[in-house]
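The values are calculated or read from the model by the stated rules, or taken from the named source; none is laboratory data. Remember, predicted model here, so these are calculated numbers, not experimental data. No Cβ is skipped: glycine too gets one built from the backbone with ideal geometry, and neighbour counts run over all protein chains shown.
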Amino acid sequence: MNKKLTLIGLGFIALMLLTMGSQAAPEQGIEYEWKNGIATVETENVTISVNTFGNLPGFHYKLVSGLNYTVIFKQLAEYEDQNEDGVFQASETLTGMPYLTLTSISWIFSGFNVEETEGLVTAIHFNFTADEIIGLVYDELDITIAMHLYLEDQVIDGYELVGGTELKFDLYISGWPWESDTNFLALRFDIILSEGMQVRNQFDQQIDTSVDNSGSEKKLENKAGELKQELTFQNEEKTAFFGYADKAQIKNQTESQYEYSSVNASYCATGENVLRIYLSFEHFDYLIYDPSLGTYDSGEEDNVPFAWVTALIAPVIFVAALKASNKFRK
């Protein structure tokens with residue numbers, strides 16, 4: 001009953017936001033608007049847009065300079081690491097165990113929370129909740145993605161964030177129906193690149209996205225000594241990035257505290273300017289993980305107002321054990 005009331009309340013909030021259209025808070029320098037189910041966060045040099053209709057978990061990311069790409073969360077898949085390289089390959093998926101396609105789930109926007117210090121906005125937080133996960137095998141599965149945009153540079157749990165341009169999202173997963181406690185779970189991201197964009201790995205080596213090698217995933221080697229691993233996306237002199245931590249916090253039901261475990265990644269291209277990335281997690285009952293997307297580019301224009309257009313779209317259901325204490329992870 002409480003869950004139903006919560007969902008009704010969130011739906012009412014979203015409805016109010018959608019009907020409000022546009023709002024401004026001049027003293028904060030913030031403008032709110034909602035148009036045709038698209039949510040947009042705009043800073044001086046970047047615009048992040050999200051489809052809020054509930055069936056496409058992802059983001060469109062665009063610099064003032066015109067550099068842009070899209071990130072979509074696509075699948076969760078359990079696999080057996082047969083070659084012991086710590087990353088996902090399509091040949092390692094389990095027989096009879098289907099992918100969980102995240103775009104087949106309906107998502108509910110939670111509303112947003114503006115964080116202020118001495119009357120000045122310092123951050124915006126929001127998240128998404130999966131309304132229903134189809135299939136009896138997933139009846140215990142909970143997934144949450146909580147989004148954070150900080151206006152000043154931050155260091156959170158050793159993860160460095162660029163203020164005003166980097167969108168951090170905290171991933172929570174619990175209740176995955178494991179086939180074996182020696183298996184891994186892979187989360188697939190698709191990155192759709194704009195024309196002429198080059199991709200480079202952590203060692204500044206170019207990744208060819210013009211060829212189709214889907215099904216032949218290669219391991220991304222992590223850069224030693226750095227928590228935050230980055231793929232960069234370049235168009236002429238403009239650079240954006242997708243960042244992911246090489247550590248996740250995991251806990252089993254028999255344990256009282258989280259511990260850190262390694263996170264590795266593999267990738268393939270489709271030949272259509274699409275890069276697929278698979279982040280691999282060791283066995284867990286509860287998972288907390290922090291990827292992000294952003295830019296180091298200061299853009300080409302000044303005096304662009306900071307704006308917000310409701311919603312975002314990504315897998316989300318609050319982890320059962322964290323519902324009470326993690327309304328927004330900051």
Q: Kindly indicate the residue of the stretch 164-194 that is in contact with a strand residue (DSSP E or B) (Cβ under 7 Å, 6 or more places away or on another chain), over 19 Å from residue 233 (Cα atoms) and of a type in the set (Ser, Thr, Tyr) and also surrounded by the most Cβ atoms within 10 Å (Cβ to Cβ) among those meeting that condition.
A: 172
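Taking the stretch 92-136 as the search range and keeping residues that are charged (D, E, K, R) and surrounded by 14 or more Cβ atoms within 10 Å (Cβ to Cβ), which one is farthest from residue 51 (Cα to Cα)?
The first filter runs over the stretch 92-136 and keeps only residues charged (D, E, K, R), leaving 92, 115-116, 118, 131-132.
Now narrow it down to the ones that are surrounded by 14 or more Cβ atoms within 10 Å (Cβ to Cβ): 92, 115, 131.
Details: 92: 33, 115: 23, 131: 16 Å.
Ranking the qualifying residues of the stretch 92-136, first place goes to 92.
Here's the yes/no breakdown for (1) surrounded by fewer than 17 Cβ atoms within 10 Å (Cβ to Cβ); (2) touching a Lys or Arg at 6+ places or on another chain (Cβ under 8 Å):
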site: 220; (1), (2): no, no
site: 232; (1), (2): no, yes
site: 237; (1), (2): yes, no
site: 243; (1), (2): no, yes
site: 249; (1), (2): no, no
site: 256; (1), (2): yes, no
site: 259; (1), (2): yes, yes
Q) Can you tell me how many residues in the stretch 196-207 are part of a loop (DSSP other than H, G, I, E, B) and at pLDDT 90 or above? A) 5
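Hand me the list of strands (runs of 3 or more DSSP E) wholly inside the stretch 47-163 holding 1 or more residues that are in contact with a strand residue (DSSP E or B) (Cβ under 7 Å, 6 or more places away or on another chain) and closer than 20 Å to residue 230 by Cβ. Steps first, please.
Working: elements: 58-63, 68-79, 106-117, 120-132, 142-150, 154-156, 159-161.
It comes to 58-63, 68-79, 142-150, 154-156, 159-161.
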Q.
Give all pairs with beta carbons closer than 9 Å in which a residue from the stretch 189-205 that is more than 13 Å from residue 220 (Cα to Cα) meets a residue that is of a type in the set (D, E, K, R) and part of a strand (DSSP E or B); count only pairs at least 6 apart in sequence or on separate chains.
A. 189/74; 189/276; 190/74; 190/276; 191/276; 194/62
(Q) Residue under question is residue 217, and the condition is that it be touching a helix residue (DSSP H, G or I) at 6+ places or on another chain (Cβ under 9 Å), of a type outside the set (Gly, Ala, Ser) and at pLDDT 90 or above; does it hold? (A) yes
Q | Candidate set: the stretch 265-286, residues that are out of contact with any Lys or Arg (no Cβ under 8 Å at 6 or more places or on another chain) and of a type in the set (D, E, K, R); chosen: the one farthest from residue 216 (Cα to Cα) | A | 282
